[in-house]
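The values are calculated or read from the model by the stated rules, or taken from the named source; none is laboratory data. These figures come from a predicted structure and were not determined experimentally. With ideal geometry, Cβ positions are generated from the backbone for all residues, glycine too; neighbour counts draw on all protein chains shown.
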Amino acid sequence: MGGFDNFRSSPYVSSAAFVPFSKPDYYFPPQNAERYSGYVDLKLTCCTDIYIGSGFSHMPENGKQLVYQTMTYDGKAVIPGSSFKGVVRNLASAVSNSCLPFLPRYGKDGPAKYPAGISNISCKDGKFCIVCDIFGAMSKGSKVMFSDMYSENAIFYIKELNAQYGPKPVYTDKHGTAKGYKFFMTGENSYEMPSKIKARVVKKGAVFTGRVHFKKITEEELALLMFSLGLNDMEGQDIVLKIGGFKNEGMGEVKVSACDFVCSNMLNKSAGELAYQYYDMPTANQDAIEKISDEILTPV
Ligand SMILES: [Zn+2]
């Protein structure tokens with residue numbers, strides 16, 4: 001295995017897609033805004049195979065090649081709450097006017113730049129964007145808690161996958177400006193790299209269940225949370241989430257549904273209704289929601 005010096009000759013095909021940044025702003029709900037606490041019980045159905053890196057690999061007897069191991073606990077397949085929370089937070093950031101992610105250096109050209117006319121805000125000292133207010137920030141606790149998700153019916157098998165040594169997706173344009181939040185498109189992405197790796201993965205069809213708690217959040221925050229959990233069930237607008245490794249290979253697509261939604265203060269709305277309504281709320285980035293629903297995370 002090794003890198004490719006000449007990217008032009010590499011058969012690697014990227015399925016990365018970018019959602020442009022929106023102008024960030026602090027979130028100040030009205031003083032008397034109603035607050036809600038409760039939980040939503042989730043069912044994640046794997047539409048494709050899924051691999052959650054455990055950091056472990058295993059050399060089979062008489063084997064020549066290491067087999068990377070998907071995460072398990074007590075023999076059961078598991079998606080850690082922290083992994084799932086990261087996926088949901090990234091989606092929440094992309095569809096709202098939240099603060100922008102830190103831009104790392106790319107190659108010898110120095111740090112990437114935010115697009116012209118967009119400057120970041122600093123979430124601290126009692127001033128937070130809607131995403132930091134929900135998910136937490138430095139010196140600020142989170143108002144949501146994600147349980148680990150387990151599967152009772154997962155089937156494991158060893159899958160041969162393309163080595164992930166292709167050219168990295170280009171995060172910046174030719175002026176060094178960041179393109180936005182990175183996602184991977186749903187659907188097949190077939191290409192053949194000359195070197196392969198093996199991984200023990202969870203076969204599609206597996207169902208994971210778990211719970212997300214929320215505490216003292218506004219209706220707008222609840223709507224953003226439900227949207228970002230992939231719970232908009234409106235015909236033609238539903239999405240899948242992508243989680244785990246080998247996303248560029250088409251892996252990790254999960255369809256999320258709410259089995260139970262319990263909320264204080266008599267908010268008589270379903271999780272799906274709230275998710276759908278986020279589009280019309282003040283912090284929503286409508287272009288991003290449309291791009292994600294219509295082009296990027298569309299169920300196949
Ligand atoms: Zn923030």
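Within region 78-89, can one find any residue that is among the charged types (D, E, K, R) and either over 19 Å from Lys242 (Cα atoms) or over 14 Å from the mean Cα position of the chain (by Cα) (or both)? Lay out the reasoning, then the answer.
Within region 78-89, the subset among the charged types (D, E, K, R) is 85, 89.
With the extra rule that they be either over 19 Å from Lys242 (Cα atoms) or over 14 Å from the mean Cα position of the chain (by Cα) (or both), the set shrinks to none.
No, that holds for no residue.
Being surrounded by fewer than 22 Cβ atoms within 10 Å (Cβ to Cβ) and without any contact (Cβ under 8 Å) to a residue 12 or more places away in the chain narrows it down to one residue among Glu219, Glu295, Glu273; which is it?
Numbers: Glu219 fails: without any contact (Cβ under 8 Å) to a residue 12 or more places away in the chain; Glu295 fails: without any contact (Cβ under 8 Å) to a residue 12 or more places away in the chain.
Among Glu219, Glu295, Glu273, only Glu273 is surrounded by fewer than 22 Cβ atoms within 10 Å (Cβ to Cβ) and without any contact (Cβ under 8 Å) to a residue 12 or more places away in the chain.
Quick check on region 181-190. Is at least one of its residues touching a residue at least 24 places away in the same chain (Cβ under 8 Å), within 16 Å of the ligand (Cβ to nearest atom) and surrounded by 13 or more Cβ atoms within 10 Å (Cβ to Cβ)?
Yes, there is a match, as at least one residue in region 181-190 is touching a residue at least 24 places away in the same chain (Cβ under 8 Å), within 16 Å of the ligand (Cβ to nearest atom) and surrounded by 13 or more Cβ atoms within 10 Å (Cβ to Cβ).
State whether one or more residues within region 75-89 are touching a Lys or Arg at 6+ places or on another chain (Cβ under 6 Å) and over 24 Å from Tyr276 (Cα atoms).
Step one: of region 75-89, the residues touching a Lys or Arg at 6+ places or on another chain (Cβ under 6 Å) are none.
No: zero hits.
Based on what the data block shows, is Ser151 closer than 30 Å to Ala199 by Cα and surrounded by 13 or more Cβ atoms within 10 Å (Cβ to Cβ)? I'd like the intermediate steps shown before the answer.
Numbers: closer than 30 Å to Ala199 by Cα: yes; surrounded by 13 or more Cβ atoms within 10 Å (Cβ to Cβ): yes.
Criteria met by Ser151.
Out of region 239-264, which residues are under 12 Å from the mean Cα position of the chain (by Cα) and basic (Lys, Arg)?
Answer for region 239-264, where residues must be under 12 Å from the mean Cα position of the chain (by Cα) and basic (Lys, Arg): Lys242, Lys247.
Go through Lys76, Lys85, Lys108 for me and flag whichever is surrounded by fewer than 22 Cβ atoms within 10 Å (Cβ to Cβ) and at pLDDT below 95. Let's see the steps before the verdict.
Numbers: Lys76 fails: at pLDDT below 95; Lys85 fails: at pLDDT below 95.
Of Lys76, Lys85, Lys108, the one residue that is surrounded by fewer than 22 Cβ atoms within 10 Å (Cβ to Cβ) and at pLDDT below 95 is Lys108.
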